[in-house]
Amino acid sequence: MRFGVIQFPGSNCDQDAYHALVDVLGQPTRYIWHKDTTLGDVDCVVVPGGFSYGDYLRTGAIARFSPAMKAVIAHAESGGLVIGICNGFQILCEAHLLPGALIRNRGLKLRCEYLHVRVETTNSPFTNACRKGQVLRIPIAHGEGNYFAEPSVIEQLQREDRVLLRYCTKDGAITDDANPNGSLDNIAGICNERRNVFGLMPHPERACELLLGSEDGKLIFNSILQHTKAGRHEAVRVS
C-alpha cells in the first residue's frame, strides 16, 4: 500500500508519521510538499500534526488553501483514504472534509500526555482491526483540540455511527474527567459520511513502538492496510 505524507511549513509530525509507516510498518511512503498540485500514486494521504503556517489566523486555516490540499480534497471526493492527525484534523475541518471545528482547550492550556480512547465502532477503514469498546493508549499534544459542532451535527455523527474514538478512562468509562480538552461528547476522532476521511486529535504514529510507551497506534494503521487489502481481493474476485 502506498502512503503520502503532506508537509506544510511548520509541520513537526510528518517525520514521525513517515517513520511509523516506513520503518515500523514497512509501507512505501513519500512526502508531498504543500506546493505540489498532485499527490502521485498514493492510496492513503496522511495530513500530519504540527503548526502548519505557524497556526497564524487560526489552526489549519491557511493550510486549507495550499495547492496540496486541493489535491487531497479531490482524492477524498474520489473515494481515496485520508487521515488527519492533530493539526491534520484541524485542517480537514477547515477544508470542510469533516464537520465541526477544533477550538481552544478547556482550561486554555496545552495538553501533552498519554491518555486513553475507546473505539466506538469498527465500521470504518481506520478501526476495523480493533474491537468495539477496545481501549487504546495513545498520546495527545495540542492546545486547540476541543471538538465543537452544532447540536444537530453531534446528533448526526451519533446517528450515523461516525464517532470513531472517544476519550475515556483506562477502564473504558466515558467521563468528563477523562476528557482532556472539553470536546463535546468526549469526541477524539470522527469520520465523514463516506467513511473514507478520518480526523483524530491523538497521535497514533507516536504509539507504534513499545519503546515509546505503546503499540496501540499500530491498530489504526493496520486497519487501513487491512481495509485496502480486502478491497483489492474483492476487486480480483469481481474481475
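Structural remarks
- When you filter the trypsin sites (Lys or Arg not before Pro) in region 17-124 for DSSP loop state and at most 12 other Cβ atoms inside 10 Å of their Cβ, you are left with Lys35, Lys109.
- Inter-probe distance in nm under a simple model that places probes 7 Å from Cα toward Cβ, at Ala101 and Gln15: 3.3 nm
- Couplings for region 196-211, taken from phi via the Karplus curve 6.51 cos²θ - 1.76 cosθ + 1.60 with θ = phi - 60°, read 9, 10, 10, x, 8, 7, x, 9, x, 5, 9, 9, 10, 9, 4, 4 Hz in order; Gly and Pro are left as x.
- Magnitude of the charge dipole, region 3-238, Cβ model with Lys/Arg +1 and Asp/Glu -1, debye to 20: 120 debye
- Where both bridge residues fall in the chain, DSSP classifies roughly 60% of the beta bridges as antiparallel.
- Qualifying GluC sites (Glu not before Pro) in region 97-192, where qualification requires a DSSP coil assignment and no more than 15 other C-beta atoms within 10 Å, comprise Glu160.
- Radius of gyration over Kirkwood radius for region 180-234, both on Cα atoms: the Rg/Rh ratio is 1.06.
- Residues Ile140, Ile190, Ile174 in ascending order of nearby Cβ atoms (within 10 Å, fewest first): Ile174, Ile140, Ile190.
- Residues of region 129-153 with amide N under 19 Å of the 7 Å Cα→Cβ point at Asn222: 129-139
- Under 5 Å from the amide H of Asp216 lie the amide H atoms of Arg137, each residue being 5 or more positions distant or on a separate chain, with H modelled from the backbone and absent for Pro and chain starts.
- Hull volume in cubic angstrom per residue (convex hull over the Cα atoms of the chain): 118 Å³
- Using θ = phi - 60° and Karplus 6.51 cos²θ - 1.76 cosθ + 1.60, couplings along region 103-115 (whole Hz; Gly, Pro as x): 10, 4, 4, 4, x, 6, 10, 5, 10, 9, 5, 7, 8
- Less than 5 angstrom separates the built amide H of Asn146 from those of Ile103, Asn105, all sequence-distant by 5 or more or on a different chain.
- Phi to ³J(HN,Hα) by Karplus 6.51 cos²θ - 1.76 cosθ + 1.60 over region 65-76, Hz, x for Gly, Pro: 9, 5, x, 4, 5, 4, 5, 5, 4, 5, 4, 5
- Working from label points 7 Å from Cα in the Cα-to-Cβ sense, the Lys170 to Asn128 distance is 3.3 nm.
- A simple spin-label model places the labels of Glu155 and Glu193 1.7 nm from each other, with each point 7 Å out along Cα-to-Cβ.
- Exposure proxy ranking, count of Cβ atoms within 10 Å, fewest first, for Met1, Met69: Met1, Met69
- Cβ-derived FRET efficiency at R0 22 Å, Thr37 paired with Glu77, nearest 0.05: 0.90
- For a straight C-alpha distance cut-off of 16 angstrom, the lysines reachable from Lys170 (same-chain residues fewer than eight places away being disregarded) are Lys132.
- The Rg/Rh ratio of region 21-147, with both radii computed over alpha carbons and Rh defined as the Kirkwood radius, is 0.96.
- With 0.36 nm allotted per residue and the present C-alpha distance subtracted, the Ala230-Asp177 stretch has 15.2 nm of extension available.
- Peptide ranges 219-229, 127-137, 90-100 listed from the most packed, as the mean C-beta count within 10 angstrom indicates: 90-100, 219-229, 127-137
Bear in mind these aren't lab numbers, they're just calculated from the coordinates by the rules spelled out. Remember, it's a predicted structure, so these values are computed and weren't measured experimentally. Heads up, the Cβs are rebuilt from the backbone with ideal geometry, glycines too, and the neighbour counts pull from every protein chain shown.
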